[in-house]
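This report refers to the structure that appears directly beneath it.
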Amino acid sequence: MTKADIVNEISKTTGIEKANVLATIEKFMEVVKDSLASGENVYLRGFGSFIVKTRSQKTARNISQNTTIVIPEHKIPAFKPAKVFMEEVKK
């Protein structure tokens, strides 16, 4: 399912114009990205959590040049589904 499919489905079931639904979804995604970029997690009860995880420093190999490089510690976004969400998907 794409963003356009989601917009169409919400518009069809709620009667809200597609442009308004699209603007709302875009703003939601912007707020989530901005929150994660500033280090805040986003919790949506019954759906899941958008969280920031920290990957620790590690050593990797560049096999084409036969050298080792150090990948520094860095943060990545992640999604952790709620139990209710997981149970619904498992059915």
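The values are calculated or read from the model by the stated rules, or taken from the named source; none is laboratory data. Just so you know, these numbers come straight off a predicted model, no measurement behind them. Note: ideal-geometry Cβ built from the backbone for every residue, glycine included; neighbour counts use all protein chains shown. Quick note on the areas: whole protein, heavy atoms, side chains included, nothing else; ligands and nucleic acids left out. Shrake-Rupley method; radii C 1.70, N 1.55, O 1.52, S 1.80 Å.
Would you mention how many residues in the stretch 43-69 are more than 24 Å from VAL31 (Cβ to Cβ), free of Cβ contacts under 8 Å to residues at least 12 places away in the same chain and either of a type in the set (A, V, I, L, M, F, W, C) or surrounded by 10 or more Cβ atoms within 10 Å (Cβ to Cβ) (or both)?
4
Check the stretch 10-30 and report whether any residue there is at positive phi and either assigned to a strand (DSSP E or B) or surrounded by 12 or more Cβ atoms within 10 Å (Cβ to Cβ) (or both).
No, that holds for no residue.
If I ask for residues that are within 29 Å of MET29 (Cα to Cα) and part of a strand (DSSP E or B), which ones from the stretch 70-91 would you list?
Listed by number, the residues that qualify are ILE71, HIS74, LYS75, ILE76, PRO77, ALA78, PHE79, LYS80, PRO81.
If you check every pair at least six apart or on different chains, which have Cβ atoms under 8 Å apart with a residue in the stretch 1-20 that is modelled with pLDDT of 95 or more first and a residue that is among the acidic types (Asp, Glu) and surrounded by 10 or more Cβ atoms within 10 Å (Cβ to Cβ) second?
Pairs found: SER11/GLU17.
Which residue is least open to solvent (accessible area, probe 1.4 Å), if the candidates are limited to the stretch 72-91 and must be more than 17 Å from the chain's Cα centre (by Cα) and under 26 Å from ASP34 (Cβ atoms)?
PRO72
Take LEU36 and decide whether it is farther than 25 Å from GLU88 by Cβ, at pLDDT 95 or above, open to solvent by less than 80 Å² (accessible area, probe 1.4 Å) and assigned to a helix (DSSP H, G or I).
So LEU36 does not fit the description; no.
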